[in-house]
Amino acid sequence: MDPAIWSRLPEEILDHILSLLPLKTFMNLRSTCKRFDSLIFSPSFISKHSSAAGAAASPPSLLLLSHPHFPSRVGVYDAATASWRSIHLSLSSASTSPRAAATLLSSSNGLFCLRNSSSLLISNFLTKSSRPINFPTFPFDFDSLTLISTESGYSIFAHCSRSSFVYSSAAQSWSQFDGFSPALSESCRQEGVFFRGSLYFTTQEPIQIVRFDVRTGEWGSMETELPAGISFARLVSNGERKLYLVGGVGNNGISKTVKLWELDGGGDWVEIERLPEMMCRKFVSVCYHNYEHVYCFWHQGMICICCYTWPEILYYKVGRRTWHWLPKCPSLPEKWSCGFKWFSFVPQLYALV
């Protein structure tokens, strides 16, 4: 362990040794020197780390719960250990003021989109890196915002009353698209669902599904006929492979049952599950038939069904074909009765901002 010998260790050998470390250990080493801190963004190190057998231990996927009463702190649920904890969102590296409040808007593949008073922020909480993105217009008021993160970069879709805006990380610029401007889901709480290059949305009554081609900026309607008697509809996608439909079935806008459909290869909705009666009663009582508060998303093999006015998650495990309720966060104040927003957090070391 003679320092004179170890100080002359070739960089490529040192990089290889570091690539074999568990991700959590390497993240703790970043603060020891500038080179270690910058190494995480090196293409050669990324390649070595992603293929190293010893680097298989990655941080667990988490569910994050935010509330507008306390925007800088979120509840975190770890399904692997069935435990809750609370974390503070430190965004001082991304905003001009270390104490500036930022609101979580959207998440995708390890990245989060937040908004402060002057810009949007794209952040990777794992690497503690962020990038501010200026608004395309001032003021910038949007009805819906969706972050789309892929291996080649990320895009931000923002829908305003008469226009749609798309930010491309590759071009580092906004594009504006006018034309077809549908009335999107009953509220902005349901984000667009990215599936095969397009974002899919459900509209207000009469319920239909529309799509937006992220590359061309063209709007169109989905020709697939919706199930009969549907009273509300939400979409969920597990990426490029499958598209699911979560919906209530009933009369006069009141759901009697909640069902789950999958889009088959022929373009038809095929029923695959029905919410058990007792769980359906609880869900309906939570919503009070105000389905505009309902939103859904995909999280690690689960279809999560949430309500803006309720601090629990109803979720369906696709692999096991079972329904469950996620319990309320124990540290959540009782007086908070509205404004609950859930996010899927799948840590990605290589999701660059």
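Restricted to the stretch 132-174, and to residues that are assigned to a strand (DSSP E or B) and farther than 20 Å from E191 by Cβ, which residue is most open to solvent (accessible area, probe 1.4 Å)? Per the criteria, the residue is N134. Kindly indicate the residue of the stretch 313-353 that is of a type in the set (S, T, Y) and within 26 Å of P71 (Cβ to Cβ) and also nearest to the chain's Cα centre (by Cα) among those meeting that condition. Among them, the one singled out is S344. For the stretch 269-291, the set of residues classified as surrounded by 12 or more Cβ atoms within 10 Å (Cβ to Cβ) and either of a type in the set (D, E) or assigned to a helix (DSSP H, G or I) (or both) consists of E271, E273, M279, C280, K282, F283, V284, V286, C287, Y291, listed by residue number.
To keep it simple, each residue is scored yes or no on (1) within 30 Å of S152 (Cα to Cα); (2) modelled with pLDDT of 90 or more.
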residue: K259; (1), (2): no, yes
residue: P276; (1), (2): no, yes
residue: V284; (1), (2): no, no
residue: Y291; (1), (2): no, no
residue: I305; (1), (2): yes, yes
residue: V318; (1), (2): yes, yes
residue: W325; (1), (2): no, yes
residue: F340; (1), (2): no, yes
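Listed by first and then second residue, the pairs with beta-carbon distance under 6 Å, at least 6 apart or on different chains, first residue in the stretch 223-241 and loosely packed, with under 15 Cβ neighbours inside 10 Å, second of a type in the set (K, R), are E240/R196. Selection over the stretch 104-120 of residues that are in contact with a Pro (Cβ under 6 Å, 6 or more places away or on another chain) and either surrounded by 23 or more Cβ atoms within 10 Å (Cβ to Cβ) or within 17 Å of V346 (Cα to Cα) (or both) gives a count of 1. Residue pairs whose Cβ atoms lie under 6 Å apart, separated by 6 or more positions or on different chains, with the first residue in the stretch 246-265 and in contact (Cβ under 8 Å) with a residue 24 or more places away in the chain and open to solvent by 10 Å² or more (accessible area, probe 1.4 Å) and the second of a type in the set (F, W, Y) and assigned to a strand (DSSP E or B), are W261/W269.
Of all residues in the stretch 203-253, those being closer than 25 Å to C306 by Cβ and acidic (D, E) number 2. Condition check: open to solvent by 30 Å² or more (accessible area, probe 1.4 Å) and part of a strand (DSSP E or B). Does F297 satisfy that? Yes. Of the residues making up the stretch 303-317, those that are part of a strand (DSSP E or B) and in contact (Cβ under 8 Å) with a residue 60 or more places away in the chain are I303, C304, I305, P311, I313. Pairs are defined by a Cβ separation below 7 Å, a sequence spacing of at least 6 or placement on different chains, a first member in the stretch 143-163 that is basic (K, R), and a second member that is open to solvent by 20 Å² or more (accessible area, probe 1.4 Å); the pairs so defined are R162/D178; R162/S181.
The values are calculated or read from the model by the stated rules, or taken from the named source; none is laboratory data. None of the values given here were measured: they were computed from a predicted structure. Virtual Cβ from ideal backbone geometry, glycine too; neighbours counted across all protein chains shown. Just the protein is used for accessible areas: all its heavy atoms, side chains included, with ligands, DNA and RNA removed. Shrake-Rupley method; radii C 1.70, N 1.55, O 1.52, S 1.80 Å.
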